[in-house]
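Visitor: After the structure tokens below, expect a handful of questions from me.
The values are calculated or read from the model by the stated rules, or taken from the named source; none is laboratory data. These numbers were taken from a predicted model, which means no experiment stands behind them. As a convention, Cβ positions derive from the backbone with ideal geometry for all residues, glycine included, and neighbour counts pool all protein chains shown. Side chains included, ligands, DNA and RNA excluded: accessible areas come from the protein's heavy atoms. Shrake-Rupley method; radii C 1.70, N 1.55, O 1.52, S 1.80 Å.
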Amino acid sequence: MGVKINGKIISHLFYADDLVLIAENEEDLQHLLTLLSKWCDINNMKINTDKSKIMHFRPPSKQKTNFNFKCNDDVMECVESYRYLGLMLTDTLDYNVTAKHVAQSATRALGLIIAKFKALGGMPYEVFSKLYEACVWPTISYGAAIWGTREFSCINAVQHRAARFFLGVGKYTPNAAVNGDIGWTPPIVKQWKAFITHWIRLSNMDTNRLNNLMFRAISYHNKC
């Protein structure tokens, strides 16, 4: 039951009030759900099956499971995408979807800065840049160590919009000119910085920690 990573069985993950059950096949996952249901009954707790979903991670070429998962008498919905800890994940790990979701959140943050800019009648370059780095970029960088190893047009578009607005140029102005004039570090460079920082942290982490075990297991799988 669960997934074996370097000889250790991982069947669940906890983060604050979130619980994730992990299994290699449908029968094992159903067994975990049954155990969870029994534990909740004993402790007078109830699982919110409207918020709890099943996700079958798989290659795009593999068909999604049609197993009928149940928690007590409630049927669990098997979804193609789910927002977990702020990141939108898909069952085929399509990071285009993840990046698009991040870009939408960053665009909303940028909208607040633009509104403040207009309300104040403008602001210096240093102030606008600092607000972008403090309010917009953290929205993009959250989780970038996972999805940010390649360039996404939707992510670049957020920074391009911010730069075009401040410079007062139209949408047809070449990106190269906009980037050169605004002088900001390209998103892909920051994305790779986040990725490398995370990789160094994992490499120096205790080998018995789950993060390190999963990192080494995935690295081995990718080499194979």
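Visitor: Relative contact order of segment 55-175: what whole-number percent is it, with Cα pairs under 8 angstrom and at least 6 residues apart?
Guide: Working: 91 pairs, mean separation 26.2, N = 121.
Reported as a whole number, the value is 22 percent.
Visitor: Carbon and sulfur together cover what percent of the accessible area of segment 12-142 at a 1.4 Å probe radius? Let's see the in-between values first.
Guide: Values: 4620 of 8500 Å².
Ligands and nucleic acids excluded, carbon and sulfur give 54 percent.
Visitor: If you don't mind, another one. Write down the percent of antiparallel bridges among all DSSP beta bridges whose residues are both part of the chain, to the nearest 5.
Guide: Working: 13 of 15 bridges.
Bridges in the chain are about 85 percent antiparallel.
Visitor: Summing Lys, Arg as +1 and Asp, Glu as -1, what charge do residues with Cβ under 13 Å from the Cβ of P187 carry, P187 excluded?
Guide: Numbers: positive: R150, R161, K190, K193; negative: E133, E151.
For residues surrounding P187, the net value is +2.
Visitor: Hey, which aspartates and glutamates would be in cross-link range of K118, C-alpha to C-alpha under 17 Å, not counting anything within fewer than 8 residues on its own chain?
Guide: Those aspartates and glutamates meeting the cut-off are E126.
Visitor: In terms of modelled amide H atoms, which long-range or inter-chain residues lie less than 5 Å from the amide H of S11?
Guide: Residues meeting the criterion, in which the H sits 1.01 Å from N, are V3.
Visitor: Roughly what % antiparallel, to the nearest 5, for the DSSP beta bridges in segment 30-163?
Guide: Numbers: 6 of 8 bridges.
In segment 30-163, approximately 75 percent of DSSP beta bridges are antiparallel ones.
Visitor: How high is the relative contact order of the chain, in percent, with contacts defined as C-alpha pairs under 8 Å that are six or more residues apart? If you can, show how the numbers build up before the last one.
Guide: On the way: 207 pairs, mean separation 29.4, N = 224.
Averaging sequence separation for qualifying contacts and normalising by length gives 13 percent for the chain.
Visitor: Still on this structure: Using amide H atoms built 1.01 Å from N in the peptide plane, name the residues 5+ places from L89, or on other chains, whose amide H lies under 5 Å from its own.
Guide: Under 5 Å from the amide H of L89 lie the amide H atoms of Y82, R83, Y84, each far enough along the sequence or on another chain.
Visitor: For the chain, with every protein chain kept in place, what is the accessible area per residue (1.4 Å probe, Å²)?
Guide: Working: 14280 Å² over 224 residues.
I get 64 Å² per residue for the chain.
Visitor: Right, another one. What does the accessible area of L93 come to, in Å² to the nearest 10, when a probe of 1.4 Å is used?
Guide: 90
Visitor: Something else now. Calculated from DSSP H runs of 4 or more alone, at -39500 (n - 2.57) each and per residue, what is the 222 nm mean residue ellipticity of the chain, nearest 500?
Guide: Numbers: 9 runs with 113 residues, N = 224.
Taking each H run of at least 4 residues, the total per residue is -16000 deg cm²/dmol.
Visitor: Here's something else I'd like to know. Hey, what angle do you get for helix 210-223 against the long axis of the chain, alpha-carbon based, 0 to 90 degrees rounded to 10?
Guide: In the chain, helix 210-223 runs at an angle near 80 degrees to the longest axis.
Visitor: Based on the mean of other Cβ atoms within 10 Å per residue, sort peptides 45-53, 134-142 so the most packed one is first.
Guide: Details: 45-53: 12.1, 134-142: 17.3.
Top to bottom by mean Cβ count within 10 Å: 134-142, 45-53.
Visitor: Report which label in [x] 72, 42, 24; [y] 61, 38, 34; [z] 57, 36, 33 holds the value of Cα extents along the principal axes in Å derived from the coordinates of this structure.
Guide: Among [x] 72, 42, 24; [y] 61, 38, 34; [z] 57, 36, 33, the one calculated here is [y].
Visitor: Explain nothing, just compute: Karplus ³J(HN,Hα) = 6.51 cos²θ - 1.76 cosθ + 1.60, θ = phi - 60°, for every residue of segment 115-128 in order, whole Hz, x for Gly and Pro.
Guide: Each residue's phi maps through the Karplus curve to give 4, 5, 4, 5, 5, 8, x, x, 7, x, 4, 4, 5, 4 Hz.
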